[in-house]
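Written below as structure tokens is the structure these notes are about.
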Amino acid sequence: MTEVTGIIPAVPGAVAASAPPLVVEHVAKSYELDSGRAVPVIGDLSLTLREGEIVSIVGPSGCGKTTLLNTLCGLLTPDAGHIRWHGREVAGQPQNVGYMLQKDLLLPWRTALGNTMLGLEIRGVPAAEAENRCRALLDQLGLHGFADHYPSTLSGGMRQRVALARTLVNEPDVLLLDEPFAALDFQSKLLIENDTMGLVREGRRSLLLITHDIEEAVSLADRVIVLSKRPTQIKAVYDIALGSARRDVISVRQTPGFSDYVRSIWADLDVVLQ
């Protein structure tokens, strides 16, 4: 296995000539407590993710953002609604979807190269081809000369780059990212955000990012979705129109309209948190 500028309410029963990567229709999810009582986490939630879009999701802590990602990628089964990947409802985990968590989860006994190659090995890609692809991607992510280093010798930012390479080398159509940069220092965070955005846009991939960092959400995304408290629903959607500055996250943060988006989204979250 291992992610809306096109986040719009999904139209039930609609069939497009070319189906978008992801369509979510009226999905709901609850957890059952030991007492047997069901606790709603996701309410009636619908959205569409189109090809080549980067979308950030923000919301109050505990509102169900990670539960939503786990449901979209088949780790959890929704109680109601439909999830369609490329026009088809998929039982279990969808193909060509990369899921990256906050923790890098690197195998300590494998080098950076070995960790990056893991998915290709499982898929049976010839060793020489897998190694060449992985070394090239590690170089592209700023890790030239570190392919043969073990995780214990790498900084936090470097470990996250290895984890990103491990996800991207399988060439997923869609990336689901659950706060993967939250633990990094500000400089490392900006650099890896910029690399991620460049690789995603270059490959025409779609990306769905969960984050608590509103500035990160605005600087990376074509759209930002604000979720409500539980049972979570879409409270607001912001089209992020910052023009050519979108070529890198630092330029985006320096545009006059950037702070307006950040203030508006914070205002929505303040209303949610009351």
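Mind listing just one residue for me: the one in region 201-221 that is closer than 14 Å to residue 181 by Cβ and of a type in the set (Ser, Thr, Tyr) and, of those, surrounded by the fewest Cβ atoms within 10 Å (Cβ to Cβ)? The selected residue is 211.
Being among the aliphatic types (A, V, I, L, M) and either over 16 Å from the mean Cα position of the chain (by Cα) or outside any loop (DSSP other than H, G, I, E, B) (or both) is the filter here; which residues of region 151-182 pass it? Can you show your working first?
Pass one, region 151-182, residues among the aliphatic types (A, V, I, L, M): 154, 158, 162-165, 168-169, 174-177, 182.
Scanning region 151-182 gives 154, 158, 162, 163, 164, 165, 168, 174, 175, 176, 177.
Which of the residues spanning region 122-137 are assigned to a helix (DSSP H, G or I) and either surrounded by 12 or more Cβ atoms within 10 Å (Cβ to Cβ) or not acidic (Asp, Glu) (or both)? Reasoning before the result, please.
At the first step, the residues of region 122-137 found to be assigned to a helix (DSSP H, G or I) are 122, 127-137.
Hits for region 122-137 are 122, 127, 128, 130, 131, 132, 133, 134, 135, 136, 137.
The residues of region 102-118 that are aliphatic (A, V, I, L, M) and either closer than 9 Å to residue 147 by Cβ or surrounded by fewer than 15 Cβ atoms within 10 Å (Cβ to Cβ) (or both), listed by number, are 105, 107, 112, 113. Are any residues in region 138-149 buried (at least 16 other Cβ atoms within 10 Å of the Cβ) and not in a helix (DSSP H, G or I), and if so, which ones? The answer is 141, 143, 146, 147. In region 217-235, the count of residues that are in contact with a helix residue (DSSP H, G or I) (Cβ under 9 Å, 6 or more places away or on another chain) and at positive phi is zero.
When 107, 138 are checked against the criterion of being at pLDDT 95 or above, touching a His at 6+ places or on another chain (Cβ under 9 Å) and not small (Gly, Ala, Ser), a single residue qualifies: 138. Cβ-Cβ distances below 8 Å connect the following pairs, each with a first residue in region 25-42 that is at negative phi, a second residue that is at pLDDT 90 or above and of a type in the set (Asp, Glu), and a separation of six or more residues or different chains: 27/44; 28/44; 28/79; 29/79; 30/79.
The values are calculated or read from the model by the stated rules, or taken from the named source; none is laboratory data. Note that the structure is predicted; figures quoted are calculated from it, not measured. As a convention, Cβ positions derive from the backbone with ideal geometry for all residues, glycine included, and neighbour counts pool all protein chains shown.
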